[in-house]
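This report refers to the structure that appears directly beneath it.
Laboratory data are not the source of any read-out in this text; all were calculated from the coordinates shown. Just so it is clear, the structure is predicted and the values come from calculations on it, not from any experiment. Note: ideal-geometry Cβ built from the backbone for every residue, glycine included; neighbour counts use all protein chains shown.
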Amino acid sequence: MAAMEQVAAEVLPAGMGYAWSDMSIKEKGKLKADKRLFFGMSIFCVFLILAALYESWSLPFSVLLSVPVAVLGANAGLLLRKLDNNVFCSNLDSLC
């Protein structure tokens, strides 16, 4: 993006400009606060759904805290078997 800004400054005539959109704005960091807010709200909504499902306020904590442990275990298994961590890592045919 810095290279594009540099080229635009050199090549574009006076009076013309550019604007970033979609993912580029996020990459520039203008929406970092929104990302944190949405992530926090999503965790809170999942907690409320689990609390309603289990009819308990304490049990959803154990469910939510077990997810990072499961992800770390899956990544450790991939590293121990020296498999690539890509979209096909859940394919059981590659393990045979």
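Using P(r) over Cα pairs in 10 Å bins from 0, in percent as the read-out, say which of [x] 15, 46, 30, 9; [y] 12, 20, 22, 25, 13, 7, 1; [z] 12, 28, 19, 8, 12, 13, 8, 0 was calculated from these coordinates. Read-out from the structure maps to [y]. May I ask you to list, by number, the DSSP H helices of the chain whose Cα span along the axis is at least 30 Å and whose average Kyte-Doolittle hydropathy reaches 0.5 or more? Helices passing the filter in the chain: 32-54, 59-80. With the highest mean first, a sort of the peptides 8-20, 64-76, 48-60 on other beta-carbon atoms found within 10 angstrom per residue produces 48-60, 64-76, 8-20.
Charges were assigned to the Cβ only: +1 to each Lys and Arg, -1 to each Asp and Glu. The resulting dipole of the chain about its Cα centre is roughly 220 debye.
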